[in-house]
1. Can you name every one of the helices (runs of 4 or more DSSP H) wholly within segment 355-438 that holds 2 or more residues which are among the hydroxyl-bearing types (Ser, Thr, Tyr) and crowded, with 16+ Cβ neighbours inside 10 Å?
2. From the list 524, 479, which one is assigned to a loop (DSSP other than H, G, I, E, B) and either among the aliphatic types (A, V, I, L, M) or in contact (Cβ under 8 Å) with a residue 40 or more places away in the chain (or both)?
3. Quick one: residue 169 ticks every box in (1) in contact with a Lys or Arg (Cβ under 9 Å, 6 or more places away or on another chain); (2) surrounded by fewer than 19 Cβ atoms within 10 Å (Cβ to Cβ); (3) under 25 Å from residue 142 (Cβ atoms); (4) touching a residue at least 60 places away in the same chain (Cβ under 8 Å) except a single one, so which number is it?
4. Does segment 126-139 include one or more residues that are of a type outside the set (Val, Ile, Thr) and surrounded by fewer than 19 Cβ atoms within 10 Å (Cβ to Cβ)?
5. Just checking, does segment 467-488 include any residue being touching a strand residue (DSSP E or B) at 6+ places or on another chain (Cβ under 6 Å), closer than 21 Å to residue 402 by Cβ and β-branched (Val, Ile, Thr)?
6. Restricting the search to segment 30-71, which residues are within 22 Å of residue 457 (Cα to Cα), over 25 Å from the mean Cα position of the chain (by Cα), aliphatic (A, V, I, L, M) and not in a loop (DSSP other than H, G, I, E, B)?
7. Being modelled with pLDDT of 95 or more and among the charged types (D, E, K, R) is the filter here, so list the residues in segment 280-328 that pass it.
8. For segment 196-245, name all the residues that are among the basic types (Lys, Arg) and at negative phi.
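The values are calculated or read from the model by the stated rules, or taken from the named source; none is laboratory data. Predicted, not measured: the structure shown is a model, and the values here were computed from it. Neighbour counts run over all protein chains shown; Cβ positions are idealised from the backbone, glycine included.
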Amino acid sequence: MKRVLQLAFVPAVFSCAAFVQGAAPSQPFSILRADDYRRYVVQFAADEREATGQQPADEWPWMVENIPLFDSSNKQFEEMYYFRWYAWQKHVVSTPRGYIITEWLPRPADPEGFFGALPDAAPFHLGEARWLRDRRIATDYARMWAEPGAGLRKYSFPWAESVRQVTLATGDSKLATDLLPDLIANYQAWEASNLDRSVGLFWSIDTRDGMEKSISGDGYRPTLNSYMAGDMLAIAGLARIAGDSTVADDYSARANRLQRLIEAKLWNPKDRFYEVLSPAADSGIRREKKFKDPGTELQLSGVRELIGYIPWEFMNPAPGHDVAWKQLFDPDGFAGKYGPTTAERRNPRFRFASDDQCTWNGPSWPYATTETLLALANLLNGRAQPFIGSRQYYQLFANYVLSQHLKLPGGRVIDWIDEDLDADTDEWIAKDILMARHRQVGRGNYYNHSGFADPLITGLIGLRPRADGRIVLHPLLPACQWTYFALDGLPYHGHLIAIVYDETGKQYQHGRGFMLFVDGKKIASRTTLGPLEAELPR
């Protein structure tokens, strides 16, 4: 069912004139040539016409102005990179209030002018947008969530940490310090509505985590609790930048308390996994009450779900808990040819019958795969552990690439991103159900509910964004997996950078090995693929 293309390639870096103002530089690429990748967009447009009956706009000029170019000896990854930007751009809406990034196509009508923008996938939207040369897209969208009526807490959303991540890429903390009062107010609103002070943890309904029909159901979930721990740490760091040590110390202490509770109460030593904690009587069934009743016994769900990896995305779990990662490729755990399942296969309620097209009881979700990629990259950039390594990370990413396709009625396979899929057959579940029931074909088209460029840049290629002037590369691409790659025209701290690996030196003619270019000049290199650090030019 999968299309495997063997295509040609080229690389990139640039100069910064007009870049810091938000406009694209006139010569953004120094290693790669944009025209070498236009063929992808021509094909994507033809595929879109065949799949949807719509006549697409020409997305290529926007892509040339905004995205870093990517080239690789693995053409499946290369093609998917351009496809995901092609799909992503369709969700960028210029409005009188600034840029908005939406989730659905076609965009819902909205009298408030938010075009159906939802907060559940906003961390992914901001993660991708921070690598565009037009900074306004990320900054406008980050600020939009402060507006009344934006629906900031319709779904769980680590807003403060997402904003902090944008500033780590741009090197400009003004966005975050401007929003700091709003970020604090948002956290306090979550605390008022969802923190059960008798337990010390945040309660959430699985649907409000964007994860309906889960096996564990509602309770004190690793999702919202991890998001809030990340937000408090972000607020503490941003307050220090703003010179408010009182707020910084307060939120740092709060974050430490919540992290200790996550470790103590959400870790199941029997299953060796982070799980949902719920009232015993409600184990495995849905519950709409906010908190437990006084005196009710609490118990862990007893089911491993992919959300148990989220703590690694936002905090530094205890070293002994790294054993949880053994489940990722366990055949009875989360292993799937086309991505990890959202619940472990050994559980008797795996893929329980439901009339809902959106279920988190076992299907693979690109949303969850993105979170897992980000969490695993954090683990592999930290302490050594024996349970999982870069080869498993690469396999996870490769399965993700493999999954993002659609077989058309005529049998042709095209690149596609939708909602949930069967991890064994690669069929899009929600799309098939909606088509069978209602002949509804549009809702999941190019569904903007996951990330791709951001985990590729920060994980596989290995740029680890920092607040200071040091640039750190730690590629998770295993040695000997690719013979070359280049990421060119990437904005970072007011510079345009290129990250290049050329095993022989013949592909790009800029030297052999792993190289870092800043504003068109090579500033660091090594002969093999591996960690590389340098100081950014002042």
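1. 366-380, 390-403
2. 479
3. (2)
4. So far as segment 126-139 goes, yes, one or more of its residues are of a type outside the set (Val, Ile, Thr) and surrounded by fewer than 19 Cβ atoms within 10 Å (Cβ to Cβ).
5. No, segment 467-488 has no match at all.
6. Once the filter is applied, which keeps residues that are within 22 Å of residue 457 (Cα to Cα), over 25 Å from the mean Cα position of the chain (by Cα), aliphatic (A, V, I, L, M) and not in a loop (DSSP other than H, G, I, E, B), segment 30-71 yields only 34.
7. Answer for segment 280-328, where residues must be modelled with pLDDT of 95 or more and among the charged types (D, E, K, R): 304, 305, 313, 322, 326.
8. 197, 208, 221, 240
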